[in-house]
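The values are calculated or read from the model by the stated rules, or taken from the named source; none is laboratory data. Nothing here was measured: the structure is a model prediction, and the numbers come from that model. Glycine also receives a Cβ, built like all others from the backbone with ideal geometry; neighbour counts cover every protein chain displayed. For accessibility, only protein heavy atoms count, side chains too; no ligands or nucleic acids. Shrake-Rupley method; radii C 1.70, N 1.55, O 1.52, S 1.80 Å.
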Amino acid sequence: MGRILAPFGVKGWVKVQPNTAAIQNLLAYRTWWVGGEGDWREHAVTEAKVQGRAVVARLTGCDDRDAAALLQGKPVAVPRAALPQARNGEYYWADLIGLAVVNAAGQDFGRVTQILGTGANDVLVVEGERERLIPFIASVIREVDPGTGTIRVDWGADY
C-alpha cells in the first residue's frame, strides 16, 4: 500500500508514499501493518492526512521522532480482507507477482518479480534468462490467468 519515507515532525508522525491509485485511498484504512521480511507489526492509525503528494500519519506506538525514524524505509500494508474486490479485468499487484509470463510463440520469459508504476502505465519486471520490462497495457497483455499462474503477452523475445 505504500512505504514510510521519513519521520514528519517531532511528535512521532511518519511521511508515507502511497502506492494506491489515489493518494487519499490510504486514509480509508485505520489499521496498517508496517515491517517486512517476516517482521510485520500492526499499528492503529490515530491521525492521518494528505500532505502534498504523500500521506502523513500518526501510528500507535510511535510517540516521538526517534520511534518514527526506526520505521523509515519500511513498507506499509493492510490485510487482504480489508481491500475491495477487484473488478473484472483488474488485478492487485500482489496477485501478479510470481506469475509466469509467456509470449504468443510459447516462449517462457520467466516470472513477474515486481511492478513499476511509471505514471503513464504500469510495467512488469520479469526475471528469467534475462530481465525484461513489459508494459502492462491492453495491446501487450493478452490474458492474465491467476488460476494457471500465467500472463500471456504479445511481446517478442528480442524486445
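Brief remarks on what is shown
- Segment 134-159, residues that are over 17 Å from Ala104 (Cα atoms) and either charged (D, E, K, R) or touching a residue at least 12 places away in the same chain (Cβ under 8 Å) (or both): Pro146
- Boolean, Gly52 is touching a residue at least 24 places away in the same chain (Cβ under 8 Å) and out of contact with any His (no Cβ under 6 Å at 6 or more places or on another chain): no
- Scoring Val14 on the criteria (1) touching a residue at least 40 places away in the same chain (Cβ under 8 Å); (2) surrounded by fewer than 16 Cβ atoms within 10 Å (Cβ to Cβ); (3) more than 28 Å from Val144 (Cα to Cα); (4) of a type in the set (A, V, I, L, M) leaves a single failure, condition (2).
- Test: residue in segment 19-36 that is touching a residue at least 24 places away in the same chain (Cβ under 8 Å), out of contact with any Leu (no Cβ under 8 Å at 6 or more places or on another chain), open to solvent by less than 90 Å² (accessible area, probe 1.4 Å) and hydroxyl-bearing (Ser, Thr, Tyr): yes
- When we screen Gln114, Gln72 for residues that are within 29 Å of Trp40 (Cα to Cα), modelled with pLDDT of 95 or more and open to solvent by 70 Å² or more (accessible area, probe 1.4 Å), the only hit is Gln72.
- Scanning segment 1-29 for residues being touching a strand residue (DSSP E or B) at 6+ places or on another chain (Cβ under 8 Å), at pLDDT below 95 and assigned to a loop (DSSP other than H, G, I, E, B) gives a total of 4.
- Qualifying residue in segment 88-96 (condition: over 27 Å from Ile134 (Cβ atoms) and open to solvent by less than 70 Å² (accessible area, probe 1.4 Å)): no
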